[in-house]
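The values are calculated or read from the model by the stated rules, or taken from the named source; none is laboratory data. This structure is a prediction, so every number in the text was calculated from the model and none was measured. As a convention, Cβ positions derive from the backbone with ideal geometry for all residues, glycine included, and neighbour counts pool all protein chains shown. Calculation scope for accessible area: heavy atoms of the full protein, side chains included, ligands and nucleic acids excluded. Shrake-Rupley method; radii C 1.70, N 1.55, O 1.52, S 1.80 Å.
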Amino acid sequence: MKTLAIIGLQWGDEGKGKIIDHLAGEFDITVRFQGGGNAGHTVVAEGKKHVLHHIPSGILHAGKTALIADGTVLDAEALFTEIADLESAGVSTGGRIRIGWGVHMVMPYHKALDAASEDGAGEKIGTTRRGIGPCYADRKARLGIRLKDLFDRDSLARRVEKSLAEKNCLFKNLYGRPEFGAGDIIGMCRTWADRLGDMGVDTPSYLRAAISSGRSVLFEGAQGSLLDTDWGTYPFVTSSTTSASAVASGCGISMKLVGRIMGVAKAYTTRVGEGPFPTEDKGAVGEHLRRRGGEFGATTGRPRRCGWLDAVATRYAVDLNGADSLVVTKLDVLTGVDPIKICISYGPSGGMGADPRIPRRVVPEYVTFPGWKEDISSARSVSDLPGTCRSYLDSIERLVGAPIGLISVGPDRRQVFEKD
């Protein structure tokens, strides 16, 4: 059985898409099991930049299948745009995209609710305004509309009308925004059904049959563990489970079918949106990381907050996921930074525990390491790295509590190599 889950160990944007693309050629099927169009995976392949939001990165490898599993929420119009962009870039998608029948559809009213909530009074979360949270909320409230529901006209009409009875009340009386007509929504859903019907599959049966027949599967996580709705820095989190346990719940299979778990972390830390970020640097170092690392959101274009590697939070994520190994990305971005710091605790007020779900007012305690000035973007083995760089990687392993399997020193798929 060859199965692997790739999970982010920080607040997302760790470079998972590039690592998944690097590994996907070895797997028959790549599966996205949670999240929606609020996640963006940027991949540079053969000099071309691809930004994917719904479709698993394995689609960039000819002959591979990309499955959007039931644990996700799907923005049909965004998916159609992604497919068109891939086709125009020379990537043939025909017959290679599969979608679980239980996927919940992101509706226009979900996006309107998301924007209205962010614009309203109270604490802002910093969402992407893509309707992800309201769609997941409807899922739990049993008001959601799944892919399979698009094909039963009478049931679809009833479900849309029931959902809009609540939504339009909010738009009219709470937010002062335009209401939605059921007829328009139903017509849009029927158009989606015409285009999506041939892609639908029963995800659990499909995956169990594939694995039992010897096909290999790569499970692609979105966002990062510290954005997990249960185990992240709540309430500044996403709306889905982002840790490894979501593979089982999002695909309808047992975790026993996941052979290995690989956690991805940057050589430093970034965060988009609001919420605690103990190691954030608002000065020259943070600006250097943002500029050199191109730290702007793939989905929103928002500048990311940047800072030092947080070993406390990363170790917490390693333990949460049971990560067998690490991938350290964007190591090249630290070139020219001297000294380099790693947070090893949150000081007296934060304690020495490994739980990053903390108040904002903590004093991170650091250890420092000498930096390096050499350009490491052409390195293809650990022996090509400066001694100070190798020492930094060894320290990450020791402080985070997991061995490093892969190292990335640039945006291209060829700039990834094994540590040992």
### Summary
Going through (1) at pLDDT 95 or above; (2) assigned to a helix (DSSP H, G or I); (3) buried (at least 18 other Cβ atoms within 10 Å of the Cβ) one by one, GLY133 fails only at (1)
### Query
Among ILE83, ILE99, which is the only one that is closer than 25 Å to GLY12 by Cα, open to solvent by 20 Å² or more (accessible area, probe 1.4 Å) and modelled with pLDDT of 95 or more?
ILE83
## Note on the structure
THR314 fails exactly one of (1) assigned to a loop (DSSP other than H, G, I, E, B); (2) under 25 Å from VAL416 (Cα atoms), namely (1)
#### Entry: Matching residues in segment 159-208 - criterion: being of a type in the set (S, T, N, Q) and either closer than 19 Å to ASP114 by Cβ or in contact with a Cys (Cβ under 8 Å, 6 or more places away or on another chain) (or both)
SER163, ASN168, ASN173, THR203
### Message
For CYS169, only one of the following conditions fails: (1) out of contact with any helix residue (DSSP H, G or I) (no Cβ under 8 Å at 6 or more places or on another chain); (2) free of Cβ contacts under 8 Å to residues at least 24 places away in the same chain; (3) crowded, with 16+ Cβ neighbours inside 10 Å. What is its number?
### Response
(3)
### Query
Which one of these does VAL264 not meet: (1) closer than 21 Å to VAL103 by Cα; (2) within 17 Å of the chain's Cα centre (by Cα)?
(1)
### Task
Out of GLY307, GLY350, report the one residue that is at pLDDT below 95, crowded, with 19+ Cβ neighbours inside 10 Å and more than 19 Å from the chain's Cα centre (by Cα).
GLY350
#### Entry: Residue satisfying condition, being under 21 Å from the mean Cα position of the chain (by Cα), closer than 25 Å to VAL328 by Cα and open to solvent by less than 40 Å² (accessible area, probe 1.4 Å), within set SER240, SER245
SER240
### Task
Please find, within segment 47-60, the residue that is farthest from GLY17 (Cα to Cα) out of those that are surrounded by fewer than 20 Cβ atoms within 10 Å (Cβ to Cβ) and touching a strand residue (DSSP E or B) at 6+ places or on another chain (Cβ under 9 Å).
GLY47
### Task
Give the residues of segment 21-31 that are surrounded by 22 or more Cβ atoms within 10 Å (Cβ to Cβ), touching a Ser or Thr at 6+ places or on another chain (Cβ under 6 Å) and either acidic (Asp, Glu) or in a strand (DSSP E or B) (or both), sorted by residue number.
ASP21, ILE29
### Task
For segment 256-272, name all the residues that are under 11 Å from GLY12 (Cα atoms) and either open to solvent by less than 20 Å² (accessible area, probe 1.4 Å) or assigned to a helix (DSSP H, G or I) (or both).
VAL264, ALA265, LYS266, THR269, THR270, ARG271
### Query
Using beta carbons and a limit of 6 Å, which pairs, at least six apart or on different chains, have the first residue in segment 79-106 and over 21 Å from ASP28 (Cα atoms) and the second one in a helix (DSSP H, G or I) and open to solvent by 10 Å² or more (accessible area, probe 1.4 Å)?
HIS104/ARG139
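Report the residue count in segment 366-393 for those that are in a strand (DSSP E or B) and surrounded by 16 or more Cβ atoms within 10 Å (Cβ to Cβ).
Qualifying residue count for the region: 2.
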### Query
For residues in segment 187-237 being open to solvent by less than 20 Å² (accessible area, probe 1.4 Å), among the aliphatic types (A, V, I, L, M) and within 26 Å of TYR109 (Cα to Cα), which is farthest from the chain's Cα centre (by Cα)?
ALA193
### Summary
Here the qualifying pairs (Cβ atoms under 6 Å; residues six or more apart or on different chains; first in segment 311-328 and of a type in the set (D, E, K, R); second not in a helix (DSSP H, G or I)) come out as ARG315/ALA354; ARG315/GLY401; ASP324/ARG260; ASP324/ILE261
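Does VAL44 meet the test of being open to solvent by less than 30 Å² (accessible area, probe 1.4 Å), β-branched (Val, Ile, Thr) and in a strand (DSSP E or B)?
Against the criterion (open to solvent by less than 30 Å² (accessible area, probe 1.4 Å), β-branched (Val, Ile, Thr) and in a strand (DSSP E or B)), VAL44 does not qualify.
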### Query
Restricting attention to segment 319-341, which residues are farther than 17 Å from CYS389 by Cβ and surrounded by fewer than 24 Cβ atoms within 10 Å (Cβ to Cβ)?
ASP319, LEU320, GLY322, ASP324, SER325
## Note on the structure
Considering segment 1-20, residues that are charged (D, E, K, R) and closer than 29 Å to HIS110 by Cα, and then whichever is most open to solvent (accessible area, probe 1.4 Å), we arrive at ASP13
#### Entry: Every residue from segment 50-78 that is touching a residue at least 60 places away in the same chain (Cβ under 8 Å) and either assigned to a strand (DSSP E or B) or in contact with a Gly (Cβ under 6 Å, 6 or more places away or on another chain) (or both)
VAL51, HIS53, SER57, LEU67, ALA69, ASP70, GLY71, THR72, VAL73, LEU74
